Amino acid sequence: MTNNKRTSNKNTKMWYEKPASNWLQSLPAGNGHIGCMVNNDPVCETLSLNDDTFWSGYEHDYCKEGFRKNLNKIRELMVQGNRVQAEEIVEAYLTNRFTQAYLPVGDIIIKSQSGEVEEYRRELDMAEGILYARYIKDGSRIETQTFVSYPDDVLIHIIESQAPANYEIYFNSQIRHEVSFDVDGFSILGCAPSDLAIADVGNFYSEKNKLSYNETEKSTKIAARAQVISDGEAAADSNRLCIKDAKRIIIIYSSATSFEKQEKFETYSTEIVSRASMKDIGALRVTHIEDHNSLFEKMHLDLGGDEASCDDRYARMRSGEITNSDISMLFHYGRYLLIGASRKGTQAANLQGIWNKDLIPPWWCGYTLNINLQMNYWLADRTNLSSCYEPLVQFVKRLCESGKRTAREDYGIRGSVAHHQSDIWAHSTPVGYDACKISQSARWMMWNMALPWLCIQLFDHYLHTLDENFLNIELLPIMQSTAEFIMSSFTEIDGRLYNIPTTSPENMYADEAGNELAVCNISAIDIGIARDFFKAYTFVCKRMGEAAKADLCEEFAERIADYAASSQGELLEWDVEFAEPELGHRHFSMLFGVYPGSHLINSQYAKAAKRSLFKRLQNGSGQTGWSAVWAIALLARFGEGEAAYDIISKLMSENIHENMFGAHPPDLFQIDANYGFTAAVCELILQEFDGVIKLLPALPKSMGEGSIRGLKIHSGHVISMKWAASTLIYLEIDAAVDDEIVVNADLVNNTADYVHCTQGTRIFLKKDNRYVFYSVVQA
């Protein structure tokens, strides 16, 4: 087993035997900047386009007049036990505008003559990052290729026909735009709506929700160019480009917005497309494959099983039958989608990654900060895609800057704060209706622990990379501002510190009088996040030589209210034991300390946490794609491989679309399920916490034979291994630095420096060395 060359392409191809008839059957391509969904229809081919910086709205100051005064009143009421009145004030006086929407650019439509189609196949090669279609139409063999190059920042679409054919090329868009055609292609100039006004939060497609162009001088502008190269005869009119008798057509496309390129946005796409069009198309393709494959081939999972068309896979999965081949394919798809949506210099992957068709998409296609954005990046370091992390880092930096204003103007304190939802404008205030109260909105809007959670995740990124520049320059200032806010905002009651007011994201409890409420003094997720945040920040302070600050952090953390167990032996989700109106709620917020944290697993509350997890699952939780994959990861942390496999089956049978995108009932798309699934499968195979690397800690019996190459662990070491009959056969380690690690297995090696210990094997690593160990059981 090696890490420097491709060992298998098994289950890295997705293919279908019919064209896509809708967007959720189409297949994605992307380079972090340009997103494209392709239907590969032989008669009416559609390239649905996105640009990562094309959003409605503009930067606002959303600070709320009277926020501080009302906040102080709420805290008084909460301390007095008057939660009903406190929540009334939260919902009436602390909310501000909803966030803005991520928008589609439009569709390139390529029409050709109808005819009899035979031997149809479309395919996504995830290792190459290329979409293919092949078929025979009226006796003429036709092949297409589509890819989005990161090095050249262009979308390339190629049509090759055995016989000459005629084509008409159009551009359609839902936004305000102008398009001008010429014999060499077409140019687009568009304008995003200046505002999204949400009046019906429960129905995204309601006519009450409106986009407006009232302030277009402040709107984001977009320009795009599509160069069309062919061996046929081209003619253009006002709304189309016609090409006759062509055996080959190449479309080279790029876009830019004023958000990213400022005043240069109009010339960028023209220049970048012109530059690409002067290159050999084969060279463009090779450069793209080399770039994409250099990331994708950093790891591979092989669980065995026969490959199949995705038409067959989907039909079988919907009937409840899944195979290890399906798991491997969906695992690789998550990595492919992160490479396509999150590259250096682009925006962080949003709720749909980079792919969206709706002007007003579900949840505005934004950044939901109480689980979903974090889940998008759980897989990045572990699956050896650390370079895809950079967009998240840059987003959190901007969110922190925005949050400083919210902390100062709304809360009246230092530091930085962000709430549950944001957008490209780094919205950091509680969201809702500005003009009127939304009943029960406190459950999602009044939660302010997003930044410390993101800091924890960025700190884990540091542990995987040991990048000191990242720690000092990028992360440290964010952690300082976050710590300042927490230490200034928590309220002391009887010697313990509480986060008043807060919630357990999106969930509600029933008080003694039967009132369904959300606001509490502290929630289990707040305790978990605060504990892990201050542990990380204390580490950073000590590393920076700031011992006094580290001591202050440790002292503060010790005073934060602790977890508690209910009378039924479950982990308390809120600060008081209340009835739960929704026993199967989709969030597992109280279990943050199990996953993505880990401090609850070997604590006195481990049993209570496990009881809470199973109670929620037994009452129907895991009903959305992202909820199911969170459940898989949580079950893995408790060593419950078979229960985790049951949730995998549930996910695949209920919450995967035909193009394998993650689903949110009834028929919505959220990409966090795809990203989270890949991370959750990793947890079945390898876990790392409490100073021990746990191999095969929750492997389901049906996954008892397999191999994985390229898992990254802390300090940047890379792990590969093979197993059979659910038992480790051998382990390979590529050491990134001089280090010592502990693995929970009895291993042998003829040359390595290691000792057996109570936890397994302690291995002493030397930088750039490769070590191969064999299990004592197999030796």
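A simple spin-label model places the labels of Ser238 and Asp138 3.0 nm from each other, with each point 7 Å out along Cα-to-Cβ. Accessible area of Arg97, 1.4 Å probe, to the nearest 10 Å²? Accessible surface of Arg97 is approximately 50 Å². For the range 283-370, the fraction of 1.4 Å probe accessible surface lying on carbon and sulfur atoms is 46 percent. Only lysines eight or more places from Lys10 in sequence, or on another chain, were considered; those with a Cα closer than 20 Å are Lys298, Lys722. In this structure, the pairs whose alpha-carbon distance is over 30 Å, taken from Lys18/Lys244; Lys18/Lys261; Lys210/Lys650, are Lys18/Lys261; Lys210/Lys650. With a 1.4 Å probe rolled over the protein heavy atoms of all chains, the accessible area of Asp753, Asp672 falls in the order Asp753, Asp672, largest first.
Can you compute the helix-only [θ] at 222 nm over the chain? Use -39500 (n - 2.57) per DSSP H run of at least 4 residues, normalise by all residues, nearest 500 deg cm²/dmol. Show your work: numbers first, answer last.
Values: 19 runs with 232 residues, N = 779.
The helix-only estimate for the chain comes to -9500 deg cm²/dmol at 222 nm.
Taking the accessible area of the range 648-779, probe 1.4 Å, and keeping the other protein chains in place, the carbon and sulfur fraction comes to 47%.
Would you mind calculating the gained length between Asn214 and Glu178 on full extension (0.36 nm times residue separation, minus the Cα-Cα distance), in nm to one decimal?
On the way: separation 36, 0.36 × 36 = 12.96 nm, distance 1.82 nm.
Using 0.36 nm per residue and subtracting the Cα-Cα distance, I get 11.1 nm.
Each peptide in 365-377, 739-751 gets a packing score, the mean of other Cβ atoms within 10 Å over its residues, and the list from highest to lowest is 365-377, 739-751. For Tyr754, the accessible area of its heavy atoms, probed at 1.4 Å with every protein chain present, is near 50 square angstrom. Sequence-distant contacts, meaning Cα pairs under 8 Å at least 6 residues apart, place the relative contact order of the chain at 12 percent. Going Cα to Cα from Lys73, which lysines come in below 28 Å? Please leave out same-chain ones fewer than 8 positions away. The reachable lysines, counting only those whose Cα sits under 28 Å from Lys73, are Lys64, Lys404, Lys437.
Go through 537-545, 506-514 and give me the packing order, highest mean Cβ count within 10 Å leading.
Values: 537-545: 17.6, 506-514: 15.1.
By packing density, highest mean first, the sequence is 537-545, 506-514.
Between the C-alpha center of the range 575-636 and that of the range 30-99 there is a gap of 25 Å.
Give me the accessible area per residue for the range 354-393, probe 1.4 Å, as a whole number in Å². Walk me through the numbers before you get to the answer.
On the way: 530 Å² over 40 residues.
Accessible area per residue: 13 Å².
Grouping the Cα pair distances of the chain into 10 Å bins from zero gives a pair-distance distribution of 3, 14, 23, 25, 20, 11, 4, 1, 0 percent in increasing distance order.
Think of a 1.4 Å ball rolled over the protein heavy atoms: the range 589-673 then has 29 Å² of accessible area per residue. For Gln759 and Glu118, the difference between the fully extended length at 0.36 nm per residue and the C-alpha to C-alpha distance is 224.8 nm. So what's the gap between the Cα centers of the range 133-148 and the range 216-269, to the nearest angstrom? So the separation of the two Cα centres works out to 23 Å. Heads up, I need the accessible area for Tyr605: 1.4 angstrom probe, whole protein in place, Å², nearest 10. The value for Tyr605 is about 40 Å².
R0 = 41 Å: FRET efficiency of Leu463 with Ser309, Cβ-based, nearest 0.05? Before the final figure, lay out the partial values.
Values: r = 41 Å, r/R0 = 0.99.
Using R0 = 41 Å, I get an efficiency of 0.50.
For the range 193-262, the fraction of 1.4 Å probe accessible surface lying on carbon and sulfur atoms is 44 percent. Each residue of the range 15-23 was assigned a 3J(HN,Hα) from its phi angle through the Karplus expression (A = 6.51, B = -1.76, C = 1.60, θ = phi - 60°), giving 9, 10, 9, 8, x, 6, 9, 8, 4 Hz with x at Gly and Pro.
Positive-end ranking of Ser254, Pro193, Asn40 along the dipole of the chain, with charges on Cβ about the Cα centre, is headed by Ser254.
The values are calculated or read from the model by the stated rules, or taken from the named source; none is laboratory data. Since the model is a prediction, treat every value here as computed from it, not as a measurement. Glycine also receives a Cβ, built like all others from the backbone with ideal geometry; neighbour counts cover every protein chain displayed. What goes into the accessible areas is simple: the full protein's heavy atoms, side chains included, and nothing from ligands, DNA or RNA. Shrake-Rupley method; radii C 1.70, N 1.55, O 1.52, S 1.80 Å.
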